[in-house]
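Colleague: Got a structure here, written out as structure tokens. Questions coming.
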Amino acid sequence: MNLDVLEAQAKACTACRLAEGRTQVVFGEGNPDANLMIVGEGPGEEEDKTGRPFVGKAGQLLNRILEAAGIPREEVYITNIVKCRPPGNRAPLPDEAKICTDKWLLKQIELVAPQIIVPLGAVAAEFFLGDKVSITKVRGQWFTWHGIRVFPMFHPAYLLRNPSRAQGSPKHLTWLDIQEVKKALE
Ligand code: URA
């Protein structure tokens, strides 16, 4: 098994209701041997159109965050909890997230075998922390999931809605968080 074979299988997936509304399956992309894996929530409109994760406005902000910290996007593996766009960009429902992560994300993690996983936002953080979480409380802290270091951060879509860069703002905290990730990769 490798990521290309797994992706080909995912492209044909109809295991949950999200298959009905999608244009494309957004499997994930990046370095198959990445030390860092970033996990978002699910594809939005642009991702659904292009088949690539984090290419819309939130993705462009993610690119700027990575670039500012000196982490090349091509060196990272980027994917989502669910691979098909939820209608109207709603959050994935628990059964959709469970089906999709069992089928695809767990295998992606096994194949990429990253040292560090950064879940973006509460939906992704909950998958790794195993419980409902407040992203404000868990971001910027290290956790361990099956021997992998996990460091939740704010979702860039949240940062777009909270643009202040003041001391202690979500954007300021994210800048500190990404530098911590960069340091951990060195
Ligand atoms: N938001 C996400 O969580 N994932 C994407 O791929 C794009 C936007």
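We did not get these values from a lab; they are worked out from the coordinates using the rules stated. All figures in this text were calculated on a predicted structure; none of them were measured in a lab.
Colleague: Between HIS172 and GLN24, what length comes free when the chain is fully extended (0.36 nm per residue of separation minus the Cα-Cα distance, one decimal in nm)?
Modeller: Full-extension gain reported as 49.9 nm.
Colleague: Under the Karplus relation 6.51 cos²θ - 1.76 cosθ + 1.60, θ = phi - 60°, what is the ordered set of whole-Hz ³J(HN,Hα) values for region 31-45, x standing for Gly and Pro?
Modeller: Here the 3J(HN,Hα) series is 6, x, 10, 4, 7, 10, 10, 10, 10, x, 8, x, x, x, 4 Hz.
Colleague: Using the Karplus curve 6.51 cos²θ - 1.76 cosθ + 1.60 with θ = phi - 60°, what ³J(HN,Hα) values do you get for each residue of region 124-140, in whole Hz, with x for Gly and Pro?
Modeller: With coefficients 6.51, -1.76 and 1.60, one gets 5, 4, 4, 4, 7, 8, x, 7, 4, 10, 9, 4, 4, 7, 9, 4, x Hz.
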